[in-house]
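What follows is a set of notes on a single structure, which appears directly below.
The values are calculated or read from the model by the stated rules, or taken from the named source; none is laboratory data. This structure is a prediction, so every number in the text was calculated from the model and none was measured. Because the Cβ atoms are built from the backbone with ideal geometry, glycine has one as well, and the counts that use them run over all protein chains shown. Just the protein is used for accessible areas: all its heavy atoms, side chains included, with ligands, DNA and RNA removed. Shrake-Rupley method; radii C 1.70, N 1.55, O 1.52, S 1.80 Å.
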Amino acid sequence: MLQIRNLKCYYGGIRALSGVSLSVSRGELVALIGANGAGKSTLLQAICGLSSSWEGEILFDGKSLAGLKPPAIVARGVSMVPEGRLIFPPLSVLDNLKLGAYLRYRQRDHVGVSQDLEKILDLFPVLRERSKQNAGTLSGGEQQMLAVGRSLMANPKFLLLDEPSMGLAPLVVRKIFDTLVQLRETGLTILIVEQNAQAALEIADRGYVLETGRMVLAGEASQLLADKEVKRAYLGKDYSKFYEGRG
Amino acid sequence: MVFTLFAAVIICTGAALEGDYYHEQLLTFIGIFTLLAVGLNMLMGYAGQISLGHAAFYGIGAYTTGALTVHLQWSPWASLPCALIMAGVIAYIVGKPTLKLSGYYLGMGTLGFGMIMHVLFREWTTITGGPNGLVGIPSLSLWGLDLSTGRNYLYVVWGCVLLTFFICDRLVNSRVGRALRAIHYSEQAASAVGVDTAKAKLQVFVFSAVVAALAGFLYAHMVMFISPGTFTFLASVKLVAMVVIGGMASIWGALLGATFLTLLPEHLSVFADYEMIIYGGILMGVMIFLPQGLTRGVLDIYEKFRAKRKGTVED
Ligand SMILES: Nc1ncnc2c1ncn2[C@@H]1O[C@H](COP(=O)(O)OP(=O)(O)OP(=O)(O)O)[C@@H](O)[C@H]1O
Ligand SMILES: [Mg+2]
């Protein structure tokens, strides 16, 4: 579904990605892990058309995404849950969700939109309770659910998530990751960027490890979980124990 | 529902004022300024953009219909669409390059544009009548009904206000309104969910210009004489002040602001002397609390903070 070959990204003179390749097949849940500043967000922004200058190749459904603006990429079925959620605090929860379906309203797909809205409110019942409330008044976990819900409102084929676990308690992380597994079962393809390597690799089929703009490891999620390097760098013994206790 | 009530209030007020020429005319002026303010409010309050040359679009509406009806003897009803289209096209040309960027660019662009238009109104004597103004603009009539009498014209103007309110209300609560409010908060986030931010901003700017041109049309056929002095920078500032006083991002607020700033000079004669200072003071407040000014400032702090955080984590 997604093929990235030899992707290079620049911020002025700084090179944030130096020749990254990655692929995601239809129906897969792939995790991309890496430390701060590795270039994970840069990679996702390049896919979504939010980054102005990149070289290399990004193919989605066999077609290049080069030169496309974000709305055109959303229209192709790619939807992102951005880092830090980026919900619209002054707007109501409902309006935030509806904004996710902006392009579909334009295509007059009102029936499809309201069906999806119901589905998403069922998926996250707390959003239904708070639907009239300003999004800024939600808790961090609720905001993350809203961000996921908003992305789903675009009815994507391919969902990208940038550190959805950031700043959330393990229980909430669990809830969101369970939802992702549920979504994958409905046929959605997912690429998740995480620093919480344990949680991400546990639900993923495959994983990639990004380090300072280079892909250093790739493989089955279970292999990566067992990998010594990954364990040393991203899991840490205490960390993995912590999660085992709760799994 | 609210609109029916509003319409009823207008009709009753009109009936009550029968024969009171002064108040009929005052109320008609309030209607014209409300139109201007509500259009500008869509741009400022919802999309977070500012136009400092809105009087120019008001003038384009007035002068287009004035020139066509006086020089070419067109019927006002034929010149109306021309006036609206003219303002829309010019707004498109002014807005296209400036709205691609985020920030104050539209404000600066329209500031310059407003001044150029004012010079044009004053100097292009063959068309506009120059500093002496354009005389002999016909009044409106429809199917033999004279619309120029005090009460009829009041109904015409407030009918237009009601229609514009209705359109704005629909717009605000639709996909477009949500997108504008999203842009107001963060262009980047809005674009990430698929909003074409440049296009949405341009659309609302063109809309506000067309509404201003409608106000200009109504003004020209009401007073039947127009001169450049009506469409100055000060007039633009006054419109911005109306929106700010009424409260941004509120359709009914525009009505309030327009009413207040139209009545104030009527009842407070000293006001005329300090007009510029008062509008200047209000505008200063806008500049300080201007949405994108604030957003920009907060973004800068956020970026600095982010850079610092990254730096310390990587150390
Ligand atoms: N707008 C920008 N201007 C300049 N440099 C940037 C910009 N955005 C990111 N960078 C740099 O690019 C590199 C990769 O950043 P990126 O945000 O992709 O990292 P990340 O892996 O997402 O990190 P984190 O886990 O902290 O989110 C970093 O060195 C960062 O400083
Ligand atoms: Mg990141």
Placing +1 at every Lys and Arg Cβ and -1 at every Asp and Glu Cβ, with all other atoms neutral, what dipole size does chain B have around its Cα centre, in debye to the nearest 20? 1140
To the nearest whole number, what is the average tally of beta carbon atoms from other chains within 10 Å of the beta carbons of peptide B:171-180? 3
Accessible solvent surface per residue of region B:2-231, calculated while the other protein chains remain in place, 1.4 angstrom probe, Å²: 39
The Cα extents of region A:34-135 along the principal axes, largest first and rounded to whole Å, are 44, 35, 22
Ignoring ligands, DNA and RNA, how much accessible area is buried between chains B and A, both sides summed, with a 1.4 Å probe, to the nearest 100 Å²? 2000
Based on the Cβ-Cβ distance of B:L142 and B:L264, what FRET efficiency does E = 1/(1 + (r/R0)^6) give at R0 = 35 Å, to the nearest 0.05? 0.55
Calculated [θ] (222 nm, deg cm²/dmol) that DSSP helices of n ≥ 4 give over the protein assembly as shown, each run adding -39,500 (n - 2.57): -19500 deg cm²/dmol
Determine the percent antiparallel among the DSSP beta bridges restricted to the protein assembly as shown, to the nearest 5. 60
Taking springs between alpha-carbon atoms closer than 10 angstrom, which of B:L171, B:L142, B:L120 fluctuates most in the Gaussian network model of chain B? B:L142
When the accessible area of region B:2-231 is computed with all protein chains present and a 1.4 Å probe, what percentage of it is carbon and sulfur? 70
If you take the charge dipole of chain B about its Cα centre, with +1 on Lys and Arg Cβ and -1 on Asp and Glu Cβ, which of B:L214, B:L255, B:G39 is farthest toward its positive end? B:G39
Please work out the C-alpha center-to-center distance from region A:179-239 to region B:94-164 and express it in whole Å. 61
Heavy atoms only, probe 1.4 angstrom, no DNA, RNA or ligands counted: give me A:E118, A:E83 ranked by accessible area, highest first. A:E118, A:E83
In this model, which of B:K201/B:K308; A:K8/A:K63; A:K8/A:K228; A:K63/B:K308; A:K69/A:K175; A:K98/B:K100 are farther than 30 Å apart at the alpha-carbon? B:K201/B:K308; A:K63/B:K308; A:K69/A:K175
Low-density loop cleavage sites - trypsin sites (Lys or Arg not before Pro) in region A:96-154, where at most 16 other Cβ are within 10 Å (DSSP): A:R108, A:K132
